[in-house]
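Asker: Please see the structure below; I have some questions.
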Amino acid sequence: MGSLFGDDEGEDLFGEKESDDEGAEKPASSAAAAAASADTGPAKNNVSHSVFLSSCIDGTIDIWDRRQEARVAHIGVTSGIPPWAMSACWSYDGNSIYVGRRNSCVEEFDLRKGFTASRNFKFPSVSGAVSAVKALPSNKHLLCASHDNLRLYDLNYDGGSSNAASGSSRQKSSGVPFYIIPGHHGGCISSIYVDPSYRYLITTSGNRGWQGNSTDVTLIYDINPM
């Protein structure tokens with residue numbers, strides 16, 4: 001697991017795969033008390049202690065291997081996307097990267113298809129910059145922290161298709177691809193942390209030197225598997 005201030009986990013995309021000491025799959029879970037989606041099963045998590053990613057103020061993403069001096073991959077900024085990448089994370093299986101953007105969206109980069117954004121998850125413009133992202137082990141949900149709220153995004157949502165959205169009936173009927181997790185309202189969330197057992201979710205508020213105000217509050221949630 002990553003720390004409160006970064007996440008260098010992910011599949012070793014450029015060398016041998018490495019697993020954590022326990023070698024066990026992590027249990028699937030939904031995001032917080034009253035989260036709206038059910039997880040059907042865990043995805044395998046291949047943790048590398050050598051490969052990590054970094055996000056930069058100019059909006060670019062670099063992938064590094066500690067065993068090499070130079071970066072091994074560079075992801076540029078998509079046309080029409082403003083600079084600043086306040087947060088980025090691996091998907092649980094290591095195949096994708098999610099990047100929080102300043103213009104109220106999250107970009108998904110499927111590394112199996114190259115370094116061009118494969119999807120763009122757009123939130124209401126009043127949400128503000130996405131300052132922290134965290135993937136959950138089902139590979140179906142992504143925690144996204146915006147200035148206004150913390151959201152659980154349904155990665156299977158495709159705009160309301162009756163056979164593609166795998167969220168709750170409430171999400172299907174309303175056409176909303178995310179669930180707002182209560183607690184955070186206003187201020188910049190600096191980090192999202194989920195403990196290795198996936199029983200607790202912790203969010204910390206702080207601007208980390210970026211633009212935006214902060215509530216200077218830490219919230220701790222119990223995660224209820226559904």
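The values are calculated or read from the model by the stated rules, or taken from the named source; none is laboratory data. These figures come from a predicted structure and were not determined experimentally. Neighbour counts are summed over all protein chains in view; Cβ atoms, including those assigned to glycine, are modelled from backbone coordinates with ideal geometry. The protein model used for the area step is the full one, side chains on, heavy atoms only, and it has no ligands, DNA or RNA in it. Shrake-Rupley method; radii C 1.70, N 1.55, O 1.52, S 1.80 Å.
Asker: Thr60 to Ser214: extension gain in nm, 0.36 nm per residue of separation minus the Cα-Cα distance?
Answerer: Working: separation 154, 0.36 × 154 = 55.44 nm, distance 2.46 nm.
Full-extension gain reported as 53.0 nm.
Asker: Pull up all non-local amide H partners of His141: gap of 5 or more, or a different chain, and H-to-H distance under 5 Å with H placed in the peptide plane.
Answerer: Leu136, Leu155
Asker: What list of ³J(HN,Hα) couplings, whole Hz, do you get for segment 72-81 from phi and the Karplus terms 6.51, -1.76, 1.60, once you set θ to phi - 60° and write x for glycine and proline?
Answerer: Karplus-based 3J(HN,Hα) across segment 72-81 equals 9, 7, 9, 10, x, 8, 5, 4, x, 9 Hz.
Asker: Computed FRET efficiency, Cβ-Cβ of Asn120 and Gln68, R0 30 Å: what is it to the nearest 0.05?
Answerer: 0.45
Asker: Please give the FRET efficiency for Arg199 paired with Val176, using the beta carbon to beta carbon distance and R0 = 25 Å, rounded to the nearest 0.05.
Answerer: Computed FRET efficiency for Arg199 and Val176 comes out at 0.40.
Asker: Kindly report, to the nearest 10 Å², the accessible surface of Phe178 as traced by a 1.4 Å probe over protein heavy atoms only.
Answerer: 30 Å²
Asker: What are the residues whose amide H is under 5 Å from the amide H of Cys188, where those residues sit 5 or more places off or on another chain and H is modelled from the backbone?
Answerer: Long-range HN contacts for Cys188: Gly206, Asn213, Ser214, Thr215.
Asker: Using the Karplus curve 6.51 cos²θ - 1.76 cosθ + 1.60 with θ = phi - 60°, what ³J(HN,Hα) values do you get for each residue of segment 55-60, in whole Hz, with x for Gly and Pro?
Answerer: 10, 10, 5, 7, x, 8
Asker: Separate question: What residues of segment 118-139 lie in the reach of a label at Asn224, counting those whose backbone N is under 18 Å from a point 7 Å from the Cα along Cα→Cβ?
Answerer: Taking a point 7 Å out along Cα→Cβ of Asn224, no residue of segment 118-139 has its backbone N under 18 Å.
Asker: Let me ask something else. Would you kindly derive the ³J(HN,Hα) couplings of segment 112-117 from the backbone phi angles with the Karplus curve 6.51 cos²θ - 1.76 cosθ + 1.60 (θ = phi - 60°), listing them in order in whole Hz, with x for Gly and Pro?
Answerer: Taking θ as phi minus 60°, the curve returns 6, 10, x, 10, 9, 4 Hz for segment 112-117.
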